[in-house]
Amino acid sequence: MPSVGDIAPDFTATDCHGAPVQLSSLRGRRVVLFFYPKAFTLGCTIENRAFRDNHEVLKGLGAELVGVSVDTQRTQCEFAEAEDIHFALLGDADRAISRAYDVLWPVLNVDRRVTFIIGPDGRIEDIIRHEVRVYRHLDDVLRYLRANPLPDVASP
């Protein structure tokens, strides 16, 4: 798994709006990249709703939000529509992004619940891991962003 201080592995995928998402094209902005096991499951739905309900707060703190699971892109889009999610959700059915971040459970072959906060320079600033306490991802992300504001972003 990449470590704090490492350059985050680059990837390119398509979000549910048909827009390409390339991590390196988000340089200059902070990115909250979160991995979760499967769309439509209880814990993952709770986690995504928490991020959805705080999406504007995260944007106000200067963060782009990107969610990834090993679901197909179609499943991700159905999930985004069902849950009214407007940030980028990426299907990683071939597990290329998940492998690059080394977040796959060895036997289950689904993503661990891991969140990477990636700085404007492309380096990983923080890594958050909580498998069962799904709200902790949002709580820890907000705590980190508020404690480490970007110079040109005013805290909400």
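Within the listed set 69, 98, 25, the Gaussian network model of the chain (springs between alpha-carbon atoms below 10 Å) gives the highest mean-square fluctuation for 25.
By the beta carbon rule, with partners counted only under 4.7 Å, the chain holds these lone Cys residues: 44. Within the listed set 42, 58, 23, the Gaussian network model of the chain (springs between alpha-carbon atoms below 10 Å) gives the highest mean-square fluctuation for 42. Compute the helix-to-body angle for 135-147: its Cα long axis versus the longest principal axis of the chain, expressed 0 to 90° and rounded to tens. The answer is roughly 20 degrees. Quick one: what does P(r) look like for the chain with 10 Å bins over all Cα pairs, in whole %? That works out to 11, 45, 38, 6, 0, in percent per bin.
Which shape class, rounded, prolate or oblate, goes with the stretch 8-97 when its Cα gyration tensor gives a ≥ b ≥ c as root eigenvalues, a/c under 1.5 marks rounded, and past that a/b bigger than b/c marks prolate? If you can, show how the numbers build up before the last one.
Details: a/c = 1.68, a/b = 1.11, b/c = 1.52.
Note, shape of the stretch 8-97 comes out oblate.
Placing unit charges on each Cβ (+1 for Lys and Arg, -1 for Asp and Glu) gives the chain a dipole about its Cα centre, and among 122, 100, 1 the Cα reaching farthest toward its positive end belongs to 1. What residues have an amide H closer than 5 Å to that of residue 123, excluding those fewer than 5 places away on the same chain, when H is modeled at 1.01 Å from N in the peptide plane? Distant-sequence amide H within range of residue 123: 8.
Using a simple spin-label model with points 7 Å from Cα along the Cα→Cβ vector, what separation in nm is obtained for residue 139 and residue 107? Inter-label distance under the simple model: 3.0 nm. With the biggest extent put first, the Cα atoms of the stretch 100-145 measure 33, 24, 9 Å across the principal axes.
Compared with the dominant Cα axis of the chain, that is its longest principal axis, helix 42-53 is turned about 40°.
Taking the C-alpha atoms only, the angle from helix 73-83 to the longest principal axis of the chain is near 70 degrees. For the pair residue 100 and residue 84, label points projected 7 Å from Cα toward Cβ lie 3.2 nm apart.
Between residue 57 and residue 150, the modelled labels are 1.9 nm apart [label points 7 Å from Cα along Cα→Cβ]. Helical content of the chain, expressed as a calculated mean residue ellipticity at 222 nm, amounts to -8500 deg cm²/dmol (DSSP H runs of 4 or more residues, -39,500 (n - 2.57) each, divided by residue number, nearest 500).
No value in this document is a laboratory result; all are computed from the given coordinates. Given the structure is predicted, the values throughout are model-derived calculations rather than measurements. Quick reminder, even Gly has a Cβ in these numbers, built from the backbone with ideal geometry, and neighbours come from all protein chains shown.
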